[in-house]
Amino acid sequence: MAALTGSEWTDPERAEDWASFRKDLPHAPDAEAMLVDHLISGDVRRILDLGTGDGHLIALLKARWPAASAVGLDLSPELVEAGRRRFGSTDAGEIRLDVHDLMQGLPTSLGQFDVVVSSLAIHHLPDDRKKTLFGEIFELLTGGGFFYDLDVVASPTPELHALSQAAFRFDEKGGDPSDQPAHLVDQLTWLGNAGFEDVDCFWKWLELALVGGRKPRN
């Protein structure tokens with residue numbers, strides 16, 4: 001799956017392939033519709049997208065909540081620049097895209113957010129960093145705020161992994177060198193340990209899953 005961390009995604013040619021890869025990802029629009037149409041509610045004023053790529057998720061969320069401002073972080077300077085071109089000067093001040101490696105802690109200077117999302121990025125982090133990141137996200141959310149991650153999870157058996165790889169057309173070319181997916185049950189546990197409530201897997205197709213939860217209200 002597409003990388004946020006890992007040196008291969010600082011390669012300009014690899015970054016250029018991201019948009020077409022995401023577009024061809026089986027059933028991803030169904031998961032995105034679940035996220036936007038059903039899982040987020042209330043007054044969304046600020047959005048944070050981790051591993052934003054070219055700003056695809058920000059665009060979807062802004063279409064639903066046009067008054068919201070957004071911050072997007074990604075390791076790839078090329079993808080960040082593509083996102084800036086996507087939104088143009090008309091959204092200057094409402095949408096900020098910055099280069100940031102998620103192996104590094106999230107800057108507390110970002111402020112508080114009503115929604116934090118991520119897509120196809122966090123599975124490139126080692127498990128210890130995933131756990132720490134979930135805690136950092138929790139701290140950046142407002143009371144009652146949401147975190148959702150559409151990402152790759154590890155299959156419970158080699159046979160199911162092979163089935164998923166074939167479905168994603170990775171049976172011949174393989175995945176990315178920095179893939180480090182965790183098992184679904186572990187990620188749900190880590191979210192709960194970070195303090196999230198209403199934690200669940202809200203959508204799943206083979207190794208692609210939408211997980212998340214809500215920060216308790218103050």
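We did not get these values from a lab; they are worked out from the coordinates using the rules stated. Here the structure is a predicted model, which means the values were calculated and not measured. Quick reminder, even Gly has a Cβ in these numbers, built from the backbone with ideal geometry, and neighbours come from all protein chains shown.
Note down the Stokes-Einstein diffusion coefficient of the chain in µm²/s, whole number, using a Kirkwood radius over alpha carbon pairs, 4 °C, and 1.567 mPa s.
75
How big is segment 23-146 in terms of Cα radius of gyration and Dmax, in angstroms?
Rg then Dmax for segment 23-146, in Å: 13.8, 39.
Give me GLU94, GLU207 ranked fewest to most by other Cβ atoms within 10 Å of their Cβ, as a rough exposure proxy.
Arranged by neighbour count, lowest to highest, GLU94, GLU207 become GLU94, GLU207.
Hey, what's the per residue convex hull volume over the C-alpha atoms of segment 37-98, in cubic angstrom?
72
Compute for segment 114-172: radius of gyration divided by Kirkwood radius, i.e. Rg/Rh, restricted to C-alpha atoms, rounded to two decimals.
Radius of gyration relative to Kirkwood radius: 1.10.
Apply the Karplus parameterisation 6.51 cos²θ - 1.76 cosθ + 1.60, with θ equal to phi minus 60°, to every residue of segment 190-199 and state each ³J(HN,Hα) to the nearest whole Hz, in sequence, with x for glycine and proline.
4, 4, x, 5, 6, x, 6, 10, 6, 6
With both bridge residues required to lie in segment 7-214, what share of the DSSP beta bridges run antiparallel, to the nearest 5%?
Taking every DSSP beta bridge with both residues in segment 7-214, the antiparallel ones total about 35 percent.
With +1 on each Lys and Arg Cβ and -1 on each Asp and Glu Cβ, and nothing else charged, work out how big the dipole of segment 7-214 is about its Cα centre, in Debye to the nearest 20.
On the way: 18 positive and 36 negative charges, 116 e Å.
Using Cβ point charges on Lys, Arg, Asp and Glu, segment 7-214 gives about 560 debye.
Quick one: length gained pulling ARG64 to ARG85 fully straight, 0.36 nm per residue minus the C-alpha distance?
5.5 nm
Under the rule a/c < 1.5 gives rounded, and otherwise a/b versus b/c splits prolate from oblate, where does segment 106-213 land using the Cα gyration tensor?
prolate
Could you size up the charge dipole of segment 46-155 around its Cα centre, putting +1 on the beta carbon of Lys and Arg and -1 on that of Asp and Glu, and report it in debye to the nearest 20?
Dipole size: approximately 280 debye.
Arrange SER119, SER109 by Cβ neighbour counts within 10 Å, fewest through most, would you?
Least crowded to most crowded, the residues run SER109, SER119.
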